[in-house]
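J.: To start, I am sharing the structure in question, which I have written as structure tokens.
Rule-based calculations on the coordinates, nothing more; no lab input. Bear in mind the structure is a predicted one, so any value in this text is a computation, not a measurement. In this analysis, Cβ positions are derived from the backbone assuming ideal geometry, glycine residues included, and neighbour counts consider all displayed protein chains.
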Ligand SMILES: [Zn+2]
């Protein structure tokens with residue numbers, strides 16, 4: 001089947017995690033550059049992963065980068081070391097390429113028992129974002145209360161609650177604190193009624209959409225390797241929920257991403 005991906009914005013992709021053997025080569029870097037995609041934010045998960053990602057995607061002018069460390073069990077106690085690595089990566093990055101810190105956050109399945117180190121590790125990265133004046137990409141799985149509690153301590157910091165997987169009630173709290181909310185392919189899943197209600201509820205200027213590829217392929221590709229060109233299905237779902245056309249949603253998300261990440265106004269192809 002042909003993918004319609006021209007001009008779509010994807011605010012959360014792990015392009016270097018995509019198994020190229022499982023995805024048509026024309027949908028992958030460096031073909032992303034020529035393919036007419038809109039803005040794509042390539043997300044960091046480990047200290048030191050930035051320069052290989054930049055090198056791999058050097059032919060893609062539509063890609064920008066976030067740098068951060070996911071709350072891996074083995075990393076959350078190494079706060080100082082990771083702080084140093086992230087600072088170094090930010091200092092060494094070419095100007096304008098890094099537009100956010102993340103992803104960082106809470107994951108109850110990775111860290112059962114909610115260890116205090118996980119909070120300190122997240123706070124280190126939010127402080128870094130604050131210092132650098134960058135938005136933060138928050139990962140929050142089965143940890144809504146802890147996430148809200150931590151973000152409350154940083155009232156001046158903004159960013160995205162990515163792959164939103166809670167309900168309208170939590171969405172309201174994050175929105176009241178000034179955060180953006182981004183929905184991934186699970187918006188299209190059959191059992192995701194609560195997430196769809198949240199998507200219908202988020203005001204225009206705070207809505208974002210993402211693939212989280214290679215994870216969370218939307219229906220009809222659920223369970224397959226996800227790539228950015230699958231994002232049209234998530235846009236269709238969001239458009240239907242909000243009573244808008246897909247074109248309207250494309251314009252909206254492109255503007256929201258440009259405003260949040262400080263992209264030039266002529267960024268869109
Ligand atoms: Zn991610």
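J.: Given Cα pairs under 8 Å that are at least 6 residues apart, what percent is the relative contact order of the chain?
T.: Relative contact order of the chain: 21 percent.
J.: Can you show me the helix-derived [θ] at 222 nm for the chain, built from DSSP H runs with n ≥ 4 at -39,500 (n - 2.57) apiece and divided by the number of residues, rounded to the nearest 500.
T.: -11000 deg cm²/dmol
J.: Determine, for each peptide in 97-104, 55-62, the mean count of other beta carbons within 10 angstrom over its residues, then list the peptides with the highest first.
T.: 97-104, 55-62
J.: While we're on this one: Does the stretch 145-269 come out rounded, prolate or oblate, given a ≥ b ≥ c as the square roots of the eigenvalues of its C-alpha gyration tensor, rounded meaning a/c under 1.5 and, failing that, prolate meaning a/b above b/c?
T.: Oblate, because a/c is 1.5 or more while a/b does not exceed b/c.
J.: Among 116-127, 32-43, how do they line up by average Cβ neighbours within 10 Å per residue, starting with the highest?
T.: By packing density, highest mean first, the sequence is 32-43, 116-127.
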